[in-house]
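A short worksheet on the structure shown next.
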Amino acid sequence: MRSGPLNAPLWFTAARIVAIPPLMVLILVDDIPGGRWWAFGVFVAACVTDSVDGWLARSRGLVTVAGAFLDTLADKLLMSAALVCLVETGDVPAWAAMIIIGREFAVTGLRMIAASEDVIISAGRFGKAKALSQNVAVACIIAPGVAGAVEDALLGLALVLTVLSGAHYFLVARWRIFASKPTTSPEALREP
């Protein structure tokens with residue numbers, strides 16, 4: 001991983017961050033004709049940029065420290081902003097939003113601890129399934145006309161995957177952090 005100037009993947013990441021204020025306005029302001037459909041479009045487009053920036057960075061050898069940090073930050077900001085707005089509109093219960101946002105902060109903190117121990121823990125399939133389930137659930141909740149039962153089922157699945165992937169991440173991190181440290185047995189501490 002290297003650092004460098006603003007490159008194509010970083011432009012996509014920046015676009016995801018820039019999309020957050022318009023998304024919030026479109027969700028929260030009722031007077032905008034077709035506002036929720038526009039919000040749905042903005043949210044889906046922002047989610048697509050997450051896949052595009054990662055693919056571009058890997059395929060073109062443009063993985064940077066700034067890109068890795070900003071990509072994760074953009075994901076968390078986008079999801080948190082959408083959830084906070086949906087709590088405000090009454091579409092998502094506050095406790096559900098808190099589980100998702102809390103998990104993201106906890107995993108970010110754990111990543112920082114792991115990085116301080118020179119341990120890098122990248123997102124695995126479980127984490128990607130969690131992100132996909134959250135994106136699909138939030139997109140369906142934003143879109144008008146989706147049946148409440150479908151929204152509830154998708155949000156429920158996203159919450160289950162959020163909790164399970166968070167627990168899995170903590171277990172993997174604990175194992176990787178402690179596996180990277182040299183162990184000293186009681187016998188090794190005794191003088192010969």
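The values are calculated or read from the model by the stated rules, or taken from the named source; none is laboratory data. Quantities reported herein were computed from a predicted structural model and do not represent experimental measurements. All Cβ positions, glycine included, derive from the backbone under ideal geometry; neighbour counts span all protein chains shown.
Annotations for the structure displayed:
- Residue tally, condition farther than 24 Å from Val136 by Cβ, surrounded by 15 or more Cβ atoms within 10 Å (Cβ to Cβ) and either charged (D, E, K, R) or in contact with a strand residue (DSSP E or B) (Cβ under 8 Å, 6 or more places away or on another chain) (or both), over the range 21-69: 2
- Residue selected from the range 132-144 under the condition touching a residue at least 60 places away in the same chain (Cβ under 8 Å) and closer than 11 Å to Leu78 by Cβ, by the criterion surrounded by the fewest Cβ atoms within 10 Å (Cβ to Cβ): Asn135
- Qualifying residues in the range 50-83 (those that are without any contact (Cβ under 8 Å) to a residue 40 or more places away in the chain and farther than 19 Å from Thr108 by Cα) - the one nearest to the chain's Cα centre (by Cα): Ser51
- Summed over the range 58-106, the residues that are closer than 30 Å to Ala147 by Cβ, outside any helix (DSSP H, G or I) and not β-branched (Val, Ile, Thr) give a count of 3.
- Tally of residues being in a loop (DSSP other than H, G, I, E, B) and touching a residue at least 12 places away in the same chain (Cβ under 8 Å) across the range 18-49: 1
- Residue in the range 107-129 that is modelled with pLDDT of 95 or more, of a type in the set (A, V, I, L, M) and either surrounded by 13 or more Cβ atoms within 10 Å (Cβ to Cβ) or not in a loop (DSSP other than H, G, I, E, B) (or both) present: no
- The range 16-48: number of residues that are of a type outside the set (Val, Ile, Thr) and touching a helix residue (DSSP H, G or I) at 6+ places or on another chain (Cβ under 8 Å): 15
- Selection within the range 135-173 - assigned to a loop (DSSP other than H, G, I, E, B) and aliphatic (A, V, I, L, M): Ala143, Val146, Ala147
- Subset of the range 33-68 that is of a type in the set (D, E, K, R) and modelled with pLDDT under 80 - its residue that is farthest from Arg16 (Cα to Cα): Arg60
- Whichever residue in the range 166-191 is surrounded by 12 or more Cβ atoms within 10 Å (Cβ to Cβ) and either farther than 14 Å from Arg111 by Cα or basic (Lys, Arg) (or both) and, among such residues, is modelled with the lowest pLDDT: Arg176
- Some residue of the range 45-59 being more than 13 Å from Asn135 (Cα to Cα) and in contact with a Gly (Cβ under 7 Å, 6 or more places away or on another chain): yes
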